[in-house]
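A.B. asks: I have a structure here, written as structure tokens, and I will follow up with some questions on it.
The values are calculated or read from the model by the stated rules, or taken from the named source; none is laboratory data. Note that the coordinates shown come from a computational prediction; the quantities given were computed from them, not determined experimentally. FYI the Cβ positions are ideal-geometry reconstructions off the backbone, even for glycines, and counts take in every protein chain you see. For the accessible areas, the whole protein counts, side chains as well, though only heavy atoms, and no ligand, DNA or RNA atoms are used. Shrake-Rupley method; radii C 1.70, N 1.55, O 1.52, S 1.80 Å.
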Number of protein chains: 4
Amino acid sequence: MTTTDLTPAEREPVRVGLIGAGRIGTSHATILRNRVAGASLVGVADARPESAAALADRLEVRAHASPDSLIADPDVEAVVIAASTPAHADLVVAAATAGKGVFCEKPMALTLADADRAVAAADGAGVPLQVGFNRRFAADFAAARAAIDAGEIGTPQLMRSLTRDPGLADPAAVPPWTIFLLTLVHDFDALLWLNPGADAVEVFVMADALVAPDYKSAGLLDTAIVTIRFDNGALATAEANFSAAYGYDVRAEVFGSRGMVTAGRTETSALRLHTESGMSGPTLRGDVEMFIDAYTSEFAEFADAVREKRTPAVTGHDARRALAIALACIESAQSGSTARVDPGA
Amino acid sequence: MTTTDLTPAEREPVRVGLIGAGRIGTSHATILRNRVAGASLVGVADARPESAAALADRLEVRAHASPDSLIADPDVEAVVIAASTPAHADLVVAAATAGKGVFCEKPMALTLADADRAVAAADGAGVPLQVGFNRRFAADFAAARAAIDAGEIGTPQLMRSLTRDPGLADPAAVPPWTIFLLTLVHDFDALLWLNPGADAVEVFVMADALVAPDYKSAGLLDTAIVTIRFDNGALATAEANFSAAYGYDVRAEVFGSRGMVTAGRTETSALRLHTESGMSGPTLRGDVEMFIDAYTSEFAEFADAVREKRTPAVTGHDARRALAIALACIESAQSGSTARVDPGA
Amino acid sequence: MTTTDLTPAEREPVRVGLIGAGRIGTSHATILRNRVAGASLVGVADARPESAAALADRLEVRAHASPDSLIADPDVEAVVIAASTPAHADLVVAAATAGKGVFCEKPMALTLADADRAVAAADGAGVPLQVGFNRRFAADFAAARAAIDAGEIGTPQLMRSLTRDPGLADPAAVPPWTIFLLTLVHDFDALLWLNPGADAVEVFVMADALVAPDYKSAGLLDTAIVTIRFDNGALATAEANFSAAYGYDVRAEVFGSRGMVTAGRTETSALRLHTESGMSGPTLRGDVEMFIDAYTSEFAEFADAVREKRTPAVTGHDARRALAIALACIESAQSGSTARVDPGA
Amino acid sequence: MTTTDLTPAEREPVRVGLIGAGRIGTSHATILRNRVAGASLVGVADARPESAAALADRLEVRAHASPDSLIADPDVEAVVIAASTPAHADLVVAAATAGKGVFCEKPMALTLADADRAVAAADGAGVPLQVGFNRRFAADFAAARAAIDAGEIGTPQLMRSLTRDPGLADPAAVPPWTIFLLTLVHDFDALLWLNPGADAVEVFVMADALVAPDYKSAGLLDTAIVTIRFDNGALATAEANFSAAYGYDVRAEVFGSRGMVTAGRTETSALRLHTESGMSGPTLRGDVEMFIDAYTSEFAEFADAVREKRTPAVTGHDARRALAIALACIESAQSGSTARVDPGA
């Protein structure tokens, strides 16, 4: 457990700059500051300088006037990108080109060309590029992968991954295809990662606007089932919905020739209450509550990778593969037919 | 609970004849004889008279030389059909035409025409016709439906039903499309039943022969994911596999606008063992082990329906609806595209 | 599973007479009639003949004017005693002396002298004598014992058994010491049975009237913790309360040198509901709901033992051992000190 | 959640010195350094200066030649005491007298006189004194208490708390009465805390040396059941064992007039594996693994209490109350009878 291990390397924490002072950026900043011994937050930038200034003030770190300024700061060894999605790829390229280690929230890019460009920039600069697929760092998901690697369930045949968000705050603010590009991209990565060595071949989408039907005409899909075929034969579903009444729900199930492994839970803790009404327990309400340890571990991994100048556990290539599935989903949703997944280079 | 309730009506159990002395017929016979107070098994028939004779001898009931003989026996008030699948529809017609109450194992028919014929025969004769969708009688599935009826989860948006059998004994003996017509038909009925008032509109199938790949050329599919769109917007998956290493696995999940309900378990009992290896528990290995109480309840319902001359809880019309989905799946599996579900009359 | 096994022996069910037409007698009658293939209920008696007549009428069996008349009936092969507790021992002696197989609800006796007398009568007559410790026949309890026999948890060191009843209907109707003699006697048997080969040595009781404090002066204890030391070193607690708001609760836990095994559950089924309020599930509300399969199995065992003229799985000697602990508890409750458990012959 | 909340107060972390560089001291140091934003570890001392030096070197903080030196350091605002048990009380007195906020690992003292002396010192100096009853900060235990405070289970009637350690490394190194003074003292605090407003009145102990019987003559007890009566009528058991094959096991159950609440789990995560052998999951192996979030929260609470100059959530008085139960247990273990719990002032 990183948090109880004191290696000499931790004595010189990696100096990290954060781009993006929104909800997730603030959460990342807090976790970096309070829980990641191997990293030290030294600066904050945002497309809106006043947001950066406010967060930097609270954190007592340097506020940058712009992302470029932060990237150019020689005091910054590594950059964590939690900016708005369309800016991701360019920021990755800029930070990598400046020789900084890069952590980018998912999705790293919205087109394969941008993804390839980002990966090429990091490869060219020889800097670590990690992408924010945090589920891989959750204890149960990591143990699921370990069980699969150990052959406990044989060859995957049927897989499932799902994401249900606790509420759709403002449908008007949700860009088209968000459900595939921002939400299910987590599930696509999880499915690829839990089916080691296999590639996604084709997808089929059934989706609808059931939470906010009035916004369907504006391109909003809030409920989707994706079926995926992998080149090792495994069949998978990825499922998402934007409004779970009981909270935040992320689970995975992999059934193979020798068994099944499941990860994910809906309960906040082991608390159970028994009353005249029956048995009950509290449910998880948000992503940070569910994944705070996973976020901690992914940033610890990032700091280690930067310090050790090595490839991190989640790469830009992984982001490219998950994106390719998301883009195929958009094609399938438009055509009503199956769509091929771009195989990459 | 039927088994602890002694109503006067139970004093005269319905006199039942069984057609089909195979594995499930024998199980049904035993349950009818030992656990269903409202029914009395009086005779057995089978396409192979020697099978009928052997079972009848063990049960000390009359052996019939043929299904027709059993149907014609005036001592038989009601007929339970557990014969080979292709014979189902004709036997339903024959029994109904003879004025007998009819219980038919799923699938009731393999074509819509046969299903319509069977339903028409029962309607014409005014006899109850029940089909063997036993999951509806399992305590947790019944409670799930009750919760949905009570509005606890709002309108269904995402549904899932799955069936995993513990082993594929002889792939050569499995007729083509079995996975849709015999296995997933249970899931199709469960999904229709857990989405009250809605109809299935279209399906899409991804399927393969992963358990016994050598038999794929002979038409065997042993692993399948079906995606279904309902006319109330709900999207569903139904999933099956013919070889679960850990046993028999049947589960359902319904996610709606106000919550989620789940049914099904993999554990045999509440036993939990903790050792140096961790925590463990035994898993269910077979359908009878999992569903013995459900089988008991479905036959109690059948006996009650016959005695009370009323429509049973699962009808021939329900069987027709589930069959229509299965047939659409075959079409989708062949075309690689979505297929429409026959809406019926 | 007895219910799906058709052995030739079942063709001639054991002819059983029931003494006791109260709540549990009626439940037993129904289970015997509807679910136990190896037994056939042929008569009912009760200290109040009108109760016997009413139940016999509903069941269409013979009503006896008295327990003696039923015992004397040559058509009765075996007797199930569910009469009032003080009558148990004499009825066991009478039935055994008449050469009938005997099943007696717990407690078989209220004094060691009576218990010895009952055992001696059955031994002298060479008839099977079974006592109603139904927990042994619950699937999870039976699996727990099997795990212990297999050495999975090593030597028991810490044990726990508990009983919580769903409600105390009428405190005025509860005889003194009921909590030990009628309720915890189940737990004492369970602990003895789950610690094979060991004997209870001493007990210590803390108890009170917390549910119905006004009745404490009349000798009612409704809440108790018993600590027991066994001669193999194992320490155990047995715990009871007469008014569980959430229903009926029976559980056991055995911790040993190599692991732990637990049995018992509070949930009705695998149903789980997730709503804005969190996760919930229904709880078991009564003994028959929890133990119907166990009751079925214990009567199947009784019928088999009578038919096979062998010692049943639960004996009069077992009842004597559990009673000895209950009597030591009364002594401890009175003295406030530990009390020795009578070791028997 | 403290870790994601950035209050201005956190900008000036409390400067903490640690006394005790053993296993738990090292764990506390790491957690303080890496996860507690409100605290800053500035120095380490130990009765063995070389241990302090080694840990201080790894942590890059100041090594003190002695606990006294650390306490005297004006740079140290607050002291965390994780020294050997017999030294606790004197160190509390010394640190409090020096005007430092004090956190002391349990047990704070081994005699009531020492406990009173420690409390008086902190009260006299007007400094916060917190004791390391970490369970109160575990999410499920905290939620259990909240449910009790909310009246969800009514008045407690039956309670249970247990501790099972994963292994007894060296029986020869375990001082007599450790099971009560160091292990079960956690359970005594938990039971007091989960029965708000009530006091323990009397205890009864059954205990033995079952893990390491050869050491019984030297006074080692490794297996114990304690029964406790509270002045509100509630009856409780506290149970401990020094060698659980499956790992670390801490659980609590409170049954009241209106329901039951349970806390504690044995599983590492939500991971579940299903194979031919059945269902399984990994178990927790150590206290830090189980309680890392609780340790983090208790130190966050301590830092807040020091900063805000207020009484912390767990006080020296609480430690005194739990100790009084432990001392009564020793008396009961020696006498074989019940023992009264010292009521305090």
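A.B. asks: Could you tell me the accessible area of B:ARG33 in Å² (1.4 Å probe, neighbours in place), rounded to the nearest ten?
C.D. replies: Using a 1.4 Å probe on the heavy atoms, I get roughly 70 Å².
A.B. asks: What is the gain in length, in nm to one decimal, between A:ASP123 and A:ASP214 on full extension, counting 0.36 nm per residue of separation less the C-alpha to C-alpha distance?
C.D. replies: 28.3 nm
A.B. asks: Shortest first and in nm to one decimal, what separations exist between A:ASN232 and its copies in the other chains, measuring from label points 7 Å along the Cα-to-beta-carbon line?
C.D. replies: Result for A:ASN232, in nm, nearest copy first: 3.9, 4.6, 5.6.
A.B. asks: For the range D:205-217, take each phi angle, set θ = phi - 60°, evaluate the Karplus expression 6.51 cos²θ - 1.76 cosθ + 1.60, and give the result in whole Hz per residue in order, putting x for glycine and proline.
C.D. replies: Once rounded to whole Hz, the list reads 10, 10, 8, 6, 10, 9, 7, 10, x, 5, 9, 4, 5.
A.B. asks: Using Cα positions and a limit of under 12 Å, work out the aspartates and glutamates in reach of D:LYS106, with same-chain residues fewer than 8 apart set aside.
C.D. replies: D:ASP187, D:ASP189, D:ASP318
A.B. asks: Setting aside same-chain residues fewer than 8 positions from D:LYS216, which aspartates and glutamates have a Cα under 14 Å from its Cα?
C.D. replies: Hits, sequence-local ones excluded: D:ASP170, D:ASP208.
A.B. asks: So who's got an amide H within less than 5 Å of the one on B:THR315, skipping anything under 5 residues away but keeping other chains? H placed 1.01 Å off N, in plane.
C.D. replies: Long-range HN contacts for B:THR315: B:VAL131.
A.B. asks: Let me ask something additional. Given the options B:LEU210, B:THR275, B:VAL306, identify the residue whose Cα lies farthest towards the positive end of the charge dipole of the range B:195-345 (+1 on Cβ of Lys, Arg; -1 on Cβ of Asp, Glu).
C.D. replies: With unit charges placed on the Cβ atoms, the residue in question is B:VAL306.
A.B. asks: Evaluate the distance, in nm, between pseudo-label points positioned 7 Å from the Cα of D:THR111 and of D:ALA146 along their respective Cα→Cβ axes.
C.D. replies: Taking the two extended label points, one gets 4.2 nm.
A.B. asks: Sticking with this one: Summed for both chains, how many Å² of accessible area, to the nearest 100, are buried between A and C with a 1.4 Å probe? Let's see the in-between values first.
C.D. replies: Working: alone 15400 and 15380 Å², together 29680 Å².
Buried: approximately 1100 Å² between C and A.
A.B. asks: Return the whole-Å distance between the Cα centroid of the range C:263-299 and the Cα centroid of the range A:186-225.
C.D. replies: What the calculation gives is 37 Å, centre to centre.
A.B. asks: Taking 7 Å along the Cα-to-C-beta vector as the label spot, tell me the A:GLU50-D:SER84 distance in nanometres, rounded to one decimal.
C.D. replies: Rounded to a tenth, the inter-label distance reads 6.3 nm.
A.B. asks: Report, in debye and to the nearest 20, how large the dipole of chain D comes out about its Cα centre when Lys and Arg carry +1 and Asp and Glu carry -1 on their Cβ.
C.D. replies: On the way: 29 positive and 44 negative charges, 54 e Å.
Computed charge dipole of chain D: roughly 260 debye.
A.B. asks: Answer rounded, prolate or oblate for the protein assembly as shown, using the Cα gyration tensor with square roots of eigenvalues a ≥ b ≥ c: rounded when a/c is under 1.5, else prolate when a/b is larger than b/c, else oblate.
C.D. replies: On the way: a/c = 2.48, a/b = 1.16, b/c = 2.14.
It is oblate, given that a/c is not under 1.5 and a/b is not larger than b/c.
A.B. asks: Spelling out what I want: for every residue of the range D:50-63, take phi, set θ = phi - 60°, compute 6.51 cos²θ - 1.76 cosθ + 1.60 (Karplus), and round to whole Hz; glycine and proline get x.
C.D. replies: The phi angles translate into 5, 5, 4, 5, 5, 5, 4, 5, 5, 8, 6, 10, 6, 8 Hz.
A.B. asks: Note down the accessible area of D:ASP90, probe 1.4 Å, to the nearest 10 Å².
C.D. replies: Its accessible surface works out to 90 Å², give or take rounding.
A.B. asks: Can you compute the modelled spin-label distance between D:ALA345 and A:ILE24, with each label point 7 Å from Cα toward Cβ, in nm?
C.D. replies: Output for this residue pair reads 5.6 nm.
A.B. asks: Dipole size in debye (nearest 20) for the range A:1-112 around its Cα centre, Lys and Arg Cβ +1, Asp and Glu Cβ -1?
C.D. replies: It works out to roughly 240 debye.
A.B. asks: So, R0 is 35 Å and r is the distance between the beta-carbons of A:ASP231 and A:THR311; what FRET efficiency does that work out to, to 0.05? Walk me through the numbers before you get to the answer.
C.D. replies: Values: r = 24 Å, r/R0 = 0.67.
Calculated value: 0.90.
A.B. asks: Excluding residues on the same chain fewer than 8 positions from B:LYS100, give the lysines whose Cα lies under 16 Å from its Cα.
C.D. replies: Filter leaves B:LYS309.
A.B. asks: Report which residues of the range A:24-41 become buried by 50 Å² or more of accessible surface when going from the isolated chain to the complete set of protein chains (1.4 Å probe; DNA, RNA and ligands ignored).
C.D. replies: Buried-area filter returns A:THR30, A:ARG33, A:ASN34, A:ARG35.
A.B. asks: Using a 1.4 Å probe on the protein heavy atoms, what percent of the accessible area of chain C belongs to carbon and sulfur? Working shown, then result.
C.D. replies: Numbers: 5840 of 11510 Å².
Heavy-atom surface of chain C belonging to carbon and sulfur, 1.4 Å probe: 51 percent.
A.B. asks: Could you provide, to the nearest whole Å², the per residue accessible area of the protein assembly as shown with probe 1.4 Å?
C.D. replies: Values: 46070 Å² over 1380 residues.
Each residue of the protein assembly as shown exposes 33 Å² on average to a 1.4 Å probe.
A.B. asks: With a 1.4 Å probe and every protein chain left in place, tell me how much accessible area C:TRP177 has, in Å² to the nearest 10.
C.D. replies: Here the accessible area works out near 70 Å².
A.B. asks: Ordered by residue, what ³J(HN,Hα) values in Hz, to whole numbers, does the range C:326-332 give under the Karplus form 6.51 cos²θ - 1.76 cosθ + 1.60, where θ = phi - 60° and Gly and Pro are x?
C.D. replies: Per residue, the Karplus-derived 3J(HN,Hα) values read 4, 5, 5, 5, 4, 4, 5 Hz.
A.B. asks: Considering only the other residues whose Cβ falls under 14 Å of the Cβ of A:ALA87, what net charge follows from Lys and Arg at +1 and Asp and Glu at -1? Before the final figure, lay out the partial values.
C.D. replies: On the way: positive: A:ARG48, A:LYS106, A:ARG117; negative: A:ASP46, A:ASP68, A:ASP90, A:GLU105, A:ASP114.
That sum, taken over residues with Cβ under 14 Å, equals -2.
A.B. asks: Output, in nm with one decimal and in ascending order, the distances from the B:ALA120 label point to the matching label points of the other copies (7 Å from Cα along Cα-to-Cβ).
C.D. replies: Sorted ascending, the copy-to-copy spacings read 6.8, 8.0, 10.1 nm.
A.B. asks: Let me ask something else about it. Quick one: label points 7 angstrom along Cα→Cβ at C:GLY22, distances to the other copies in nm, smallest first?
C.D. replies: Here C:GLY22 shows inter-copy label distances of 5.1, 5.8, 7.0 nm.
A.B. asks: List the residues of the range C:235-250 for which accessible area in the full set of protein chains is at least 10 Å² lower than for the chain on its own; 1.4 Å probe, protein heavy atoms only.
C.D. replies: Going by heavy-atom accessible area, the residues of the range C:235-250 that drop by at least 10 Å² are C:LEU235, C:THR237, C:GLU239, C:ASN241, C:SER243, C:ALA245, C:TYR246.
A.B. asks: Taking the Cβ of C:ASP116 as the centre, find all other residues whose Cβ is under 14 Å away and add up their charges (Lys, Arg: +1; Asp, Glu: -1). Working shown, then result.
C.D. replies: Values: positive: C:ARG117, C:ARG320, C:ARG321; negative: C:ASP90, C:ASP114, C:ASP123, C:ASP318, C:ASP342.
Overall, the nearby charge balance is -2.
A.B. asks: Using a simple charge model, +1 on the beta-carbon of Lys and Arg, -1 on the beta-carbon of Asp and Glu, nothing else, what dipole does the protein assembly as shown show about its Cα centre, in debye to the nearest 20? Intermediate values should be presented prior to the final figure.
C.D. replies: Working: 116 positive and 176 negative charges, 0 e Å.
Here the size comes out at about 0 debye.
A.B. asks: Moving on. Taking amide hydrogens as modeled 1.01 Å from N in the peptide plane, which residues meet the under 5 Å criterion relative to B:MET279, leaving out close sequence neighbours?
C.D. replies: Placed amide hydrogens put D:GLY281, D:THR283 under 5 Å from B:MET279.
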